[in-house]
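The values are calculated or read from the model by the stated rules, or taken from the named source; none is laboratory data. All values derive from a computational prediction rather than experimental measurement. Positions of Cβ are backbone-derived with ideal geometry, glycine not excepted, and every protein chain shown enters the neighbour counts.
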């Protein structure tokens with residue numbers, strides 16, 4: 001059974017312990033919640049009545065050219081500028097080492113004048129190789145899902161809706177391969193948008209850019225279909241359009257972010273865990289139970305429909321789907337007692353997979369929007385790892401023994417426990433993973449494995465304490481300057497509720513995919529489909545409201561908020577497979 | 001070329017790692033240079049004028065303590081850049097000041113002393129009053145005083161000429177830093193006798209410079225950038241077929 005602990009700030013809330021939550025395999029089982037950044041964006045767009053319009057759409061018959069979408073929030077104006085170009089098939093690759101893409105795009109703060117447009121046209125398509133303008137908040141690129149794209153254009157041009165199998169197989173027309181923010185290649189620093197009401201929260205600007213790309217993807221397909229056959233072309237069915245998201249292909253490049261931003265990640269986890277503890281603390285009622293059953297059913301359909309290539313993940317999804325059926329059966333049999341949620345979670349922890357346990361947690365959070373949505377506002381962090389040089393060494397030792405016990409008591413000497421090393425490749429300076437005993441470059445290892453560092457600090461600290469029982473931290477770092485970063489981190493993270501991800505990132509059994517899954521869940525990605533053990537495809541905004549939904553006063557407000565675990569539109573809306 | 005703060009700090013960090021700095025010290029050195037550059041104090045120019053005193057540092061560089069008591073320390077900077085171990089010397093001063101109320105650290109034989117301002121900003125942000133002063137070996141002799149109020153991450157800086165005779169063999173390569181927990185050390189610089197204020201910059205100027213850097217980015221010479229990138233490249237591992245398996249699909 002999961003151990004619970006009371007928070008200092010909210011003694012009534014029982015949070016799960018760091019030992020439970022920060023376990024890498026559990027983090028690698030997270031699903032997106034209503035606090036995920038994609039969900040937050042559509043809620044905010046609805047609540048603040050953002051006005052989004054296409055102000056330029058200059059594409060040729062093949063869909064190549066430029067398009068501009070304007071975003072007007074209550075206080076600021078932004079533009080998403082998209083450059084679509086012809087790309088030879090043999091240059092189309094999702095690898096980060098690609099040099100050209102079907103389209104490139106950016107999110108710009110303020111208006112776009114001809115001078116800026118010209119600068120962007122010259123640089124945005126080059127991505128990393130360009131020098132980007134400081135008014136840009138985000139730059140990104142995407143490649144077509146070739147099979148889907150052509151199938152959609154052909155169907156629409158011939159006056160048909162695309163086959164449902166195309167819709168189900170890949171729920172997107174474009175797949176991004178990197179979405180850059182925070183000063184990359186000359187664009188605006190995150191520090192500049194901090195304090196802005198629109199994009200203060202991490203990754204909110206990136207999410208907005210990707211959301212607009214999703215709209216463009218269908219606008220473009222419909223445009224090409226019209227050009228191909230103006231007399232027969234039709235627009236995409238609204239439900240199908242809503243079911244389309246934007247794919248994303250991600251490799252190891254995402255993993256170091258979780259290690260290099262420990263305060264931020266701890267804050268994300270804390271928000272999620274506080275939401276969960278809040279849900280646990282609510283007294284269940286019959287409508288709540290029915291709603292949970294309904295959500296389980298939707299998630300079951302979603303899991304059943306998901307076309308996942310990775311065998312292991314596909315199996316996990318099937319197990320989760322079957323286990324959700326057990327959850328429904330359990331919910332329908334058990335009396336509606338005040339501790340029903342707690343009992344459900346305990347039962348699931350005893351009998352079900354991690355994937356299902358975390359799915360249940362995700363769905364429980366979904367039940368209480370009024371109580372948990374404000375937690376979104378606490379998902380940024382002032383990131384500052386500071387030394388406390390006057391901390392007595394005995395106190396530092398106590399911190400290590402209390403908060404880093406999982407690290408200081410582990411072994412880092414065997415071939416298994418020091419199997420991997422992380423490094424940065426000369427190719428686009430991307431992080432990679434190498435086998436220490438077999439590959440070159442271990443001497444240039446990135447300092448991402450926190451656990452062995454903590455263990456080394458502990459060893460040197462104990463040796464110094466033998467000589468100087470009243471010693472201070474400054475004496476340790478003066479004697480061992482190489483520990484400066486680790487000591488700062490240990491002192492800082494001990495003050496957070498969740499602290500570090502508890503894993504030895506050198507260990508042979510360590511799965512980098514868990515790191516990717518954890519981050520992607522907070523961004524709001526669905527359709528998690530690992531390809532091998534080092535990169536993954538996911539989908540964003542599948543099922544999310546459309547721009548036309550925002551402009552339609554008759555749209556059910558729930559459409560802007562309740563769109564997780566998207567299910568394919570009914571067959572009636574789309575053509576069935578012949 | 002125009003670069004962002006994050007970009008500059010990131011490339012500096014990698015460059016210092018490439019030069020052999022340990023991780024925490026590369027972090028600090030990069031933050032110091034970027035702090036100066038983003039506050040209009042030409043950190044990159046200071047850095048690149050004498051790279052040799054930076055690259056000579058080892059990965060376990062630390063200040064050598066010449067003398068120390070509860071409130072005072074004299075340390076030897078070993079003719080290296082303050083980037084090499086100035087952070088540790090300043091943390092030592094901070095420790096003494098938090099214990100004793102106030103402290104002074106004199107760092108002898110150190111280079112690129114201006115760059116320490118970037119670290120002092122961090123310490124002042126932690127809530128301690130800081131004043132640093134040093135003399136430039138130029139004619140006329142220039143005395144620079146940097147003052148941070150506790151809690152403020154921007155200083156006021158005053159430079160005055162000193163007309164008093166100085167020994168011909170004076171080296172002017174030391175740096176003196178005072179820290180005080182409760183005393184505001186230098187609300188105003190006192191100018192006496194033949195001293196003349198060469199320049200004075202207040203907190204508001206630095207705040208504006210930082211804001212402009214965030215709004216417009218910072219201009220960096222391509223030569224300097226390439227120099228930093230060349231050091232940064234020393235941290236990279238050449239790609240191989242094995243490494244490419246982490247780079248996405250092979251389609």
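Does region A:230-237 contain any residue that is surrounded by fewer than 21 Cβ atoms within 10 Å (Cβ to Cβ) and assigned to a helix (DSSP H, G or I)? Can you show your working first?
Narrowing region A:230-237 to residues surrounded by fewer than 21 Cβ atoms within 10 Å (Cβ to Cβ): A:230-235, A:237.
From what is left, the residues that are assigned to a helix (DSSP H, G or I) are none.
Within region A:230-237, not a single residue is surrounded by fewer than 21 Cβ atoms within 10 Å (Cβ to Cβ) and assigned to a helix (DSSP H, G or I).
Quick grid of which residues meet (1) in the same structural domain as residue A:404 (by TED's automatic domain parsing); (2) within 30 Å of the chain's Cα centre (by Cα); (3) at pLDDT below 95:
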site: A:415; (1), (2), (3): yes, no, no
site: A:428; (1), (2), (3): yes, yes, yes
site: A:439; (1), (2), (3): yes, no, yes
site: A:453; (1), (2), (3): yes, yes, no
site: A:456; (1), (2), (3): yes, no, no
site: A:460; (1), (2), (3): yes, no, no
site: A:464; (1), (2), (3): yes, no, no
site: A:468; (1), (2), (3): yes, no, no
site: A:473; (1), (2), (3): yes, no, no
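Of the residues that sit in region A:418-448 and are touching a helix residue (DSSP H, G or I) at 6+ places or on another chain (Cβ under 6 Å) and more than 7 Å from chain B (Cβ to nearest Cβ), which one is surrounded by the most Cβ atoms within 10 Å (Cβ to Cβ)?
A:421
Within region A:117-133, is there a residue that is crowded, with 20+ Cβ neighbours inside 10 Å and assigned to a strand (DSSP E or B)? Reasoning before the result, please.
Initially, region A:117-133 is screened for residues crowded, with 20+ Cβ neighbours inside 10 Å, giving A:120, A:123-124, A:127, A:132-133.
Subsequent filtering for residues that are assigned to a strand (DSSP E or B) retains none.
Scanning region A:117-133 turns up no residue that is crowded, with 20+ Cβ neighbours inside 10 Å and assigned to a strand (DSSP E or B).
Based on what the data block shows, is residue A:259 surrounded by 22 or more Cβ atoms within 10 Å (Cβ to Cβ) and either closer than 17 Å to residue A:422 by Cβ or at pLDDT below 95 (or both)?
Details: surrounded by 22 or more Cβ atoms within 10 Å (Cβ to Cβ): no; either closer than 17 Å to residue A:422 by Cβ or at pLDDT below 95 (or both): yes.
So residue A:259 does not fit the description; no.
So residue A:515 ticks every box in (1) outside any helix (DSSP H, G or I); (2) within 14 Å of chain B (Cβ to nearest Cβ); (3) within 22 Å of the chain's Cα centre (by Cα) but one. Which box is left unticked?
(1)
Is it the case, given these coordinates, that residue A:219 is in a loop (DSSP other than H, G, I, E, B), closer than 23 Å to residue A:544 by Cβ, touching a strand residue (DSSP E or B) at 6+ places or on another chain (Cβ under 9 Å) and assigned by TED's automatic domain parsing to the domain that holds residue A:135?
no
Yes or no: residue B:215 within 14 Å of chain A (Cβ to nearest Cβ), touching a strand residue (DSSP E or B) at 6+ places or on another chain (Cβ under 9 Å) and modelled with pLDDT of 80 or more?
Numbers: within 14 Å of chain A (Cβ to nearest Cβ): yes; touching a strand residue (DSSP E or B) at 6+ places or on another chain (Cβ under 9 Å): no; modelled with pLDDT of 80 or more: yes.
So residue B:215 fails the test.
Being under 26 Å from residue A:40 (Cα atoms), buried (at least 22 other Cβ atoms within 10 Å of the Cβ) and at pLDDT below 90 narrows it down to one of A:167, A:197, A:179, so name that one.
Details: A:197 fails: buried (at least 22 other Cβ atoms within 10 Å of the Cβ); A:179 fails: at pLDDT below 90.
Going through A:167, A:197, A:179 in turn, the sole match is A:167.
Given the options A:470, A:451, A:486, name the one that is assigned to a loop (DSSP other than H, G, I, E, B) and either within 12 Å of chain B (Cβ to nearest Cβ) or in contact with a helix residue (DSSP H, G or I) (Cβ under 9 Å, 6 or more places away or on another chain) (or both). Step through it out loud before you land on a result.
Details: A:451 fails: assigned to a loop (DSSP other than H, G, I, E, B); A:486 fails: assigned to a loop (DSSP other than H, G, I, E, B).
The match here is A:470.
For residue A:399, state whether it is assigned to a helix (DSSP H, G or I), within 20 Å of residue A:293 (Cα to Cα) and away from chain B (no Cβ under 14 Å).
Details: assigned to a helix (DSSP H, G or I): yes; within 20 Å of residue A:293 (Cα to Cα): no; away from chain B (no Cβ under 14 Å): yes.
Criteria not met by residue A:399.
Report, by residue number, each residue of region A:134-155 that is assigned to a loop (DSSP other than H, G, I, E, B) and either more than 13 Å from chain B (Cβ to nearest Cβ) or modelled with pLDDT under 95 (or both). It would help to see each step written out before you state the result.
Kept after step one, since they are assigned to a loop (DSSP other than H, G, I, E, B), are these residues of region A:134-155: A:134-135, A:145.
Correct list: A:145 only.
Among the residues of region A:493-501, are any in contact with a helix residue (DSSP H, G or I) (Cβ under 8 Å, 6 or more places away or on another chain) and either in a helix (DSSP H, G or I) or within 14 Å of chain B (Cβ to nearest Cβ) (or both)? Quick ask: steps written out before the conclusion?
Of region A:493-501, the ones in contact with a helix residue (DSSP H, G or I) (Cβ under 8 Å, 6 or more places away or on another chain) are A:493-494, A:496-501.
After this cut, where a residue has to be either in a helix (DSSP H, G or I) or within 14 Å of chain B (Cβ to nearest Cβ) (or both) as well, the list is A:493-494.
Yes, region A:493-501 contains a residue that is in contact with a helix residue (DSSP H, G or I) (Cβ under 8 Å, 6 or more places away or on another chain) and either in a helix (DSSP H, G or I) or within 14 Å of chain B (Cβ to nearest Cβ) (or both).
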